[in-house]
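> Can you read through this structure? Questions will come right after.
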Amino acid sequence: MATAPARRPHASLPTRDVLTAYAVFGLCSQPAFVAQGPRLLDLARRSPLLEKLSDAVVKETFFRHFCGGETIEEVRCTMDEYRSRNVGVILNLALEADLGSQDAADPAALRRAAEAVSSGMQESVDLAAAYPHNLVAAKLTPFFPPPLLARWTASTLAARSRAFGGPVLDAGSRRLDRRAVREALAGLPGIAATDADALFDRALPMSGGVGGIGVGGAGEPTVDWIGFTDALAVVDGDGDAAAAAWRRDLLLRLGRACVPAGVEGLRANDFTCIDAIMEPLEALVRRAVDRDVKLIVDAEWTYVQAAIDEVAIALGQKYNGRRGDPSQGINGGRPVILNTYQMYLKDSIMRMKLDVERAKRHGTNVGVKLVRGAYMVQERERASAMGYPDPIHDTIEDTHKSYNSGVEFCLDTLIDSASVSSAEAITVDTPLPLQLFVASHNFGSAGKAMILMKEKGLAGSSDAVVPYGPVCETIPYLVRRAQENGSVLGGAWLDRKFLGNELRHRCGLRPKQVEIDDMKL
């Protein structure tokens, strides 16, 4: 049992804000509220009178605690307050969408909608640029209809699993020779032996060369997960239209042949829709590059995540810059795009390591954000309803191990790739092929990350997430935050203890000792 430092982390907050935060975390700790609150809120919002009342209550409680304001002016005041405490800001225009959102097949309409989202997020970039090293978080579901991302993910995962004999968790380290690829795709309707050979040949250049442990024998050419996934990418950073057309045609046919019954794969017109959305999305990235503002691509649900990862990888390859070149990327040779990995997922550590290696092979910088995860309730409910394995670690200890291992891997890789004599030589001006963002509500993990950085001679900075937007549009985000802070993975329990002590201090009472159960570290 450890004891938290005797400190007052909330001493600078007005008493009203301390009371609000204490009440919010208290509600998040009640399972009945976390389970039934979203349903009650949804019912209230169906009545015009109750909708106004519920929005007012939400604004003065959850919105007030978790969000930075409804308007740019309000957010600017929040940013100034954080800066006065030497804390950076991650701006987050709190837009969310899920599979229940409307699908669309009109590329022109999708582009107009994406342009509106891009315009709002570009305002975030301009606001973030007022201070150095601020960041902007960007969800992709407001750009892409979630049903489209789900079809894209379904085709992608099915094709990968068919070729490699399993998902990335089981097959990410395998290598296949030409015969193995032919055998994996043999007998699929619409797929010829020449398709298997062409796929192998296209995967080979990015598979780490010739050799390795192949199915055939030592020294025989083999392809790995990285080369294979590059060879089937719907979007990439090289801009080769002919290569993209070939990849898309093959993935479309593989999806039709491999996607399980009852699940829809990519449609032929989805690619035109994707291209229409990518243009305004890239306009946002170009604005971020121009203003030296990093963009964090948020992780979302597993049934759309493979598509999100692919977009983040493609944007990184195009805009993150060449390794070791201070004129590339932003901030003197650092990545502009950071992809997010939810380490409560069983496959996240493997996916993250493969993506870091992928960037190394492409010679580009890479950005990594590590989080525990924010969709545990929805993920487990969906896995149970649809009868597939729970994607989340079975125990909290496994999640902690995954998260802490990811932090250590990234820090070691950062030092090895920085091309300096020692970690102490890394400054704010050093080009970094890998940039790490450690995001956690967990007191123990944050502390362990700081200890690791100190041991390795690295320095970091502190940043606060500042979501913003109209109350009515941020409610899905606030519901998810309530569920996240109510789960065992959240750090709300410790915040509530500190807030309680702050209230005791202001009432002239002796604060209680805060003991931290090692199981929660």
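The values are calculated or read from the model by the stated rules, or taken from the named source; none is laboratory data. Since the model is a prediction, treat every value here as computed from it, not as a measurement. All Cβ positions, even for glycine, are placed from backbone atoms using ideal geometry, and neighbour counts span all protein chains on display. All accessible areas refer to the heavy atoms of the entire protein, side chains included, with ligands and DNA or RNA removed. Shrake-Rupley method; radii C 1.70, N 1.55, O 1.52, S 1.80 Å.
> Enter the accessible area per residue of the chain (Å², integer; probe 1.4 Å; all protein chains in place).
Details: 22840 Å² over 521 residues.
Each residue of the chain exposes 44 Å² on average to a 1.4 Å probe.
> Calculate how steeply helix 107-128 sits against the longest principal axis of the alpha-carbon atoms of the chain, using the helix alpha-carbon long axis, and give the answer as 0 to 90 degrees to the nearest 10.
50
> Let me ask another. For region 230-378, state the semi-axes of the equivalent ellipsoid (square roots of 5 times the eigenvalues of the alpha-carbon gyration tensor), sorted largest first and rounded to whole angstrom. Write out the running numbers ahead of the final one.
Numbers: eigenvalues 134, 81, 41 Å².
So the three semi-axes of region 230-378 are 26, 20, 14 Å.
> Using a 1.4 Å probe on the protein heavy atoms, what percent of the accessible area of the chain belongs to carbon and sulfur? Display every interim value, and only then the final one.
Details: 12560 of 22840 Å².
So the carbon and sulfur contribution to the accessible surface is 55 percent.
> Sticking with this one: Can you give the local net charge around LEU148? Use residues other than it whose beta-carbon is closer than 10 angstrom to its beta-carbon, Lys and Arg +1, Asp and Glu -1.
Computed value for this residue: 0.
> What are the ³J(HN,Hα) values, in whole Hz, obtained from phi via the Karplus relation 6.51 cos²θ - 1.76 cosθ + 1.60 with θ = phi - 60°, for each residue of region 502-512 in sequence order, with x given for Gly and Pro?
Those phi angles translate into 5, 5, 4, 4, 6, 8, x, 9, 6, x, 7 Hz.
> Looking at the chain only, what percent of DSSP beta bridges run antiparallel? Nearest 5 please. Before the final figure, lay out the partial values.
Details: 8 of 34 bridges.
Close to 25 percent.
> On a 1.4 Å probe surface of the protein chains, which of CYS77, CYS67 comes out largest in accessible area, and what is the full order?
CYS77, CYS67
> A follow-up question, please. Compute the angle between helix 15-28 and the longest alpha-carbon principal axis of the chain, please, reported from 0 to 90 degrees and rounded to the nearest 10.
Once rounded, one gets 50 degrees.
> Separate question: Calculate how steeply helix 31-44 sits against the longest principal axis of the alpha-carbon atoms of the chain, using the helix alpha-carbon long axis, and give the answer as 0 to 90 degrees to the nearest 10.
It is inclined by approximately 90 degrees.
> Counting Lys +1, Arg +1, Asp -1, Glu -1, what net charge surrounds PHE437 among other residues with beta carbon under 10 Å of its beta carbon? If you can, show how the numbers build up before the last one.
Details: positive: LYS294, LYS369; negative: ASP463.
Surrounding charge for PHE437 is +1.
> Which entries in LYS59/LYS139; LYS52/LYS512; LYS318/LYS448; LYS59/LYS401; LYS353/LYS456 show an alpha-carbon gap greater than 31 Å?
In this structure, LYS52/LYS512; LYS318/LYS448; LYS59/LYS401 exceed 31 Å between Cα atoms.
> Please compute the Kirkwood hydrodynamic radius over the chain, one decimal place, Å, based on all pairs of different Cα atoms. Write down the numbers at each step before the final one.
Working: mean 1/r = 0.0411 Å⁻¹.
Computed over the chain, the radius equals 24.4 Å.
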